[in-house]
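Below: one structure, written as structure tokens.
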Amino acid sequence: EGETSTSKTSSIEYLAMRSGNPLVRINLSGQTDTSDLIGKFVPNDGLLASGFGQLVADTRLLKDASREIVERARREGRGLSLVESQRIAKEEELSIPDWRWQNGAVPEAMEKGQWLILDEVNLAEPQILERLNPVLEKHPSLTVPENGGATIGRPGGPPVHPGFRIF
């Protein structure tokens with residue numbers, strides 16, 4: 001906290017750079033929406049649900065045609081292409097959702113251990129600040145009711161990365 005142009009943000013950016021910590025900066029304003037910080041549903045570009053990766057990890061669970069696609073990609077030392085994923089989904093009778101959840105900056109930083117600067121926080125609307133209260137606690141957590149009640153930092157959800165910091 002301090003006067004304008006006293007290098008508050010620059011000091012944090014410098015410290016993050018010197019210590020090798022990934023840094024994300026968000027400039028808040030009266031136009032900042034909760035979805036910018038927390039996340040939102042976006043049109044799906046053909047990606048399968050998150051459990052798909054676990055399904056293809058054990059090819060014994062797959063049908064022969066699907067297993068062949070996965071094993072070819074592994075032999076070539078690459079991941080599955082979008083087309084290959086869609087072929088497997090069709091073969092395994094999996095549906096591809098029309099919408100998918102995309103995390104905002106706060107849950108991303110919490111899960112990946114990034115440092116997060118919320119610049120000009122005094123300009124944010126009160127409802128935005130209210131959503132951030134549990135993130136600012138000694139043991140940060142976040143519940144995202146928009147995403148089916150997903151939680152970070154609470155039982156049943158992913159833990160908060162020990163490198164996470166919020167400024």
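The values are calculated or read from the model by the stated rules, or taken from the named source; none is laboratory data. From a predicted model like this one, the values you see are computed outputs, not experimental measurements. FYI the Cβ positions are ideal-geometry reconstructions off the backbone, even for glycines, and counts take in every protein chain you see. The area values use the complete protein model at the heavy-atom level, side chains included, leaving out ligands, DNA and RNA. Shrake-Rupley method; radii C 1.70, N 1.55, O 1.52, S 1.80 Å.
Condition test on ILE88, is it among the hydrophobic types (A, V, I, L, M, F, W, C), more than 23 Å from ILE12 (Cα to Cα) and either surrounded by fewer than 15 Cβ atoms within 10 Å (Cβ to Cβ) or at pLDDT below 90 (or both)?
yes
Among the residues making up the stretch 55-75, those that are among the small types (Gly, Ala, Ser) and closer than 12 Å to ARG87 by Cα are ALA65, SER66. Among the conditions (1) open to solvent by less than 80 Å² (accessible area, probe 1.4 Å); (2) small (Gly, Ala, Ser); (3) under 22 Å from PHE41 (Cβ atoms), GLY163 misses just one, which is (3).
Matching residues to (1) assigned to a helix (DSSP H, G or I); (2) touching a residue at least 40 places away in the same chain (Cβ under 8 Å); (3) open to solvent by 50 Å² or more (accessible area, probe 1.4 Å); (4) closer than 29 Å to ALA57 by Cβ:
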position	(1), (2), (3), (4)
ARG74	yes, no, yes, yes
ILE96	no, yes, yes, yes
ARG100	no, yes, yes, yes
GLU108	yes, yes, yes, yes
ILE128	yes, yes, no, no
LEU132	yes, yes, no, no
LYS138	no, no, yes, no
THR151	no, no, no, yes
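Output the residues belonging to the stretch 2-39 that are among the hydrophobic types (A, V, I, L, M, F, W, C) and assigned to a loop (DSSP other than H, G, I, E, B). Within the stretch 2-39, LEU28, ILE38 qualify. With respect to the stated conditions, PRO158 is open to solvent by less than 90 Å² (accessible area, probe 1.4 Å), part of a loop (DSSP other than H, G, I, E, B), of a type outside the set (S, T, N, Q) and at negative phi. Candidates are the residues of the stretch 40-72 that are in a helix (DSSP H, G or I) and among the hydroxyl-bearing types (Ser, Thr, Tyr); the one that is modelled with the highest pLDDT is SER66.
Does the stretch 110-126 hold any residues that are among the charged types (D, E, K, R) and either in a loop (DSSP other than H, G, I, E, B) or at pLDDT below 90 (or both), and which are they? Of everything in the stretch 110-126, those that are among the charged types (D, E, K, R) and either in a loop (DSSP other than H, G, I, E, B) or at pLDDT below 90 (or both) turn out to be GLU120, GLU125. Among the residues of the stretch 77-91, is any in a helix (DSSP H, G or I), in contact (Cβ under 8 Å) with a residue 40 or more places away in the chain and among the basic types (Lys, Arg)? Looking for residues that are in a helix (DSSP H, G or I), in contact (Cβ under 8 Å) with a residue 40 or more places away in the chain and among the basic types (Lys, Arg), one finds none in the stretch 77-91, hence no. Here PRO145 meets each of (1) touching a residue at least 24 places away in the same chain (Cβ under 8 Å); (2) open to solvent by 80 Å² or more (accessible area, probe 1.4 Å) with one exception, condition (1).
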